[in-house]
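Chemist: Have a look at the structure that comes next, please.
The values are calculated or read from the model by the stated rules, or taken from the named source; none is laboratory data. Because the structure is predicted, anything quoted here is derived from the model rather than measured. Using ideal geometry, Cβ is built from the backbone for each residue, glycine included, and neighbour counts are taken over all protein chains shown.
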Amino acid sequence: MKFVCTVCGHEEDTDTRKPKCDCGGLWELSYTPPKFSLAEVDRDTWSIFRYRKFMAMADDTWRDITLGEGMTPIIPFRDGVWLKMDYFMPTLSFKDRGAAVLIAHAKSIGVKRVIQDSSGNAGNSVAAYCGRAGIACDIFVPEGTSDKKIRMIEAHGATAHIIPGNRDHCADVCRTTAREEHLYYANHVYNPFFYEGTKTYIYETYEQLHRIPKHIFIPVGNGTLFLGIVKGLEHLLQSGVIAQMPQLYLVQSERCQPLLKAMEQHALQIHPEKPAATMAEGIAIGLPMRGTEILSYAYRYGVKGVAIPEEKILSARSMLARQGIYCEHTTAAVYAGYEAYCRAHGPVSDVLISMCGAGLKSDHG
């Protein structure tokens, strides 16, 4: 198993401390899992690592890192919508799927200190698993990040650095610091081990429902859930477990939609966008680092784009809360995007939506 550059094809051992190739390209894993079969799922393991037969795992370090992430229920909601309750996680967000695998990898190669940038959820997750692993951790977050998320990061023993400016600037500052101080960049976008965790979203869905719903709405900022979902679905397709790809919907805020704009023009590259203020802070990414990869998948599988109306986010969150689903604003925004799509194109049924983050993390009105 190697890291392979997505630009020049250069290979590197996975124990490298380089966050990307010398040419600037991001890494992907040269790993082909065995055919998926429920018979190979370790049903005595109550975490995402029940699927480790199909994950790029070098050793058993995960056993000392796992916090029981995953195994989140899928509940029927209304109008043919299924909600996967991914905020039923140790740090209350789906990012625990990827962080558990990424930090297990970091621990296995002897990393002592990591640095990462985040809008809050990924930083909180990496901080928690670093605390579990005994790895020192610095998390850079942009100004305006929910104070509750910052307090959670610090509670896990990490140091939170609040960076003036938007999310993309925060990432630039963090990457510069990582390079200058020679720190391990445990980033959920750069490191492909993170996607080995997020693809378990699909494995769980198939195990729980014994099928994959026809429509999947996915919030996309940097695309960590989207890429994991596509990788998981491709694996099921190649294994003959499902006959066709479901209809995927890439959901972005109307105030920050660089991927949707590129898709409208069938462009191969992202034009950077300065995000306007939005309650969907978790997906307010003006320049997704894996944008070219996301677009490639979008065109390959006929992914549809959906813009979230900002003025519908609070009403969607309120409606969900009255039904017992108390989610953060970015999560509610995805449901608002689903409703907007139905208004514009007619209703769709047999829909899966991830409840990505808990409402306790949000400070907005």
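Chemist: Please go through region 308-365 and give me each residue that is touching a Cys at 6+ places or on another chain (Cβ under 8 Å), among the hydrophobic types (A, V, I, L, M, F, W, C), outside any helix (DSSP H, G or I) and within 18 Å of T278 (Cβ to Cβ), ordered by number.
Modeler: Correct list: C327, C356.
Chemist: Against the definition (outside the structural domain of I229 (by TED's automatic domain parsing) and either over 30 Å from T331 (Cα atoms) or not polar (S, T, N, Q) (or both)), how does L67 come out, yes or no? Walk me through how you get there before you give the answer.
Modeler: Numbers: outside the structural domain of I229 (by TED's automatic domain parsing): yes; either over 30 Å from T331 (Cα atoms) or not polar (S, T, N, Q) (or both): yes.
Here the answer is yes, as L67 does meet what is asked.
Chemist: Moving on. Just to be sure I understand the filter: pairs with C-beta atoms under 8 Å, separated by 6 or more residues or on different chains, first member in region 179-207 and assigned to a helix (DSSP H, G or I), second member buried (at least 24 other Cβ atoms within 10 Å of the Cβ) and basic (K, R). Which pairs pass?
Modeler: Pairs that qualify, where the first residue is assigned to a helix (DSSP H, G or I) and the partner is buried (at least 24 other Cβ atoms within 10 Å of the Cβ) and basic (K, R), are G197/R97; T198/R97; T200/R97; Y201/R97.
Chemist: Among the residues that make up region 66-73, is at least one of them in contact with a strand residue (DSSP E or B) (Cβ under 8 Å, 6 or more places away or on another chain) and either under 21 Å from K199 (Cβ atoms) or modelled with pLDDT under 95 (or both)?
Modeler: Yes, that holds for at least one residue.
Chemist: Separate question: Residues in region 284-307 that are within 13 Å of A262 (Cα to Cα) and in a loop (DSSP other than H, G, I, E, B): how many?
Modeler: 4
Chemist: Hey, can you tell me all the residues within region 10-38 that are assigned to a loop (DSSP other than H, G, I, E, B), out of contact with any strand residue (DSSP E or B) (no Cβ under 9 Å at 6 or more places or on another chain) and surrounded by 11 or more Cβ atoms within 10 Å (Cβ to Cβ)?
Modeler: The answer is D15, P33, K35, F36, S37.
Chemist: Moving on. Within region 302-330, track down each residue that is surrounded by fewer than 17 Cβ atoms within 10 Å (Cβ to Cβ) and farther than 18 Å from Y249 by Cβ.
Modeler: E311, L314, S315, S318, M319, A321, R322, Q323, G324
Chemist: Would you call P213 touching an Asp or Glu at 6+ places or on another chain (Cβ under 7 Å) and either surrounded by fewer than 24 Cβ atoms within 10 Å (Cβ to Cβ) or assigned to a loop (DSSP other than H, G, I, E, B) (or both)? Reasoning before the result, please.
Modeler: Numbers: touching an Asp or Glu at 6+ places or on another chain (Cβ under 7 Å): yes; either surrounded by fewer than 24 Cβ atoms within 10 Å (Cβ to Cβ) or assigned to a loop (DSSP other than H, G, I, E, B) (or both): yes.
Here the answer is yes, as P213 does meet what is asked.
Chemist: Can you name every residue in region 115-143 that is over 22 Å from L225 (Cα atoms) and among the hydrophobic types (A, V, I, L, M, F, W, C)?
Modeler: Answer for region 115-143, where residues must be over 22 Å from L225 (Cα atoms) and among the hydrophobic types (A, V, I, L, M, F, W, C): A133, I135, A136, C137.
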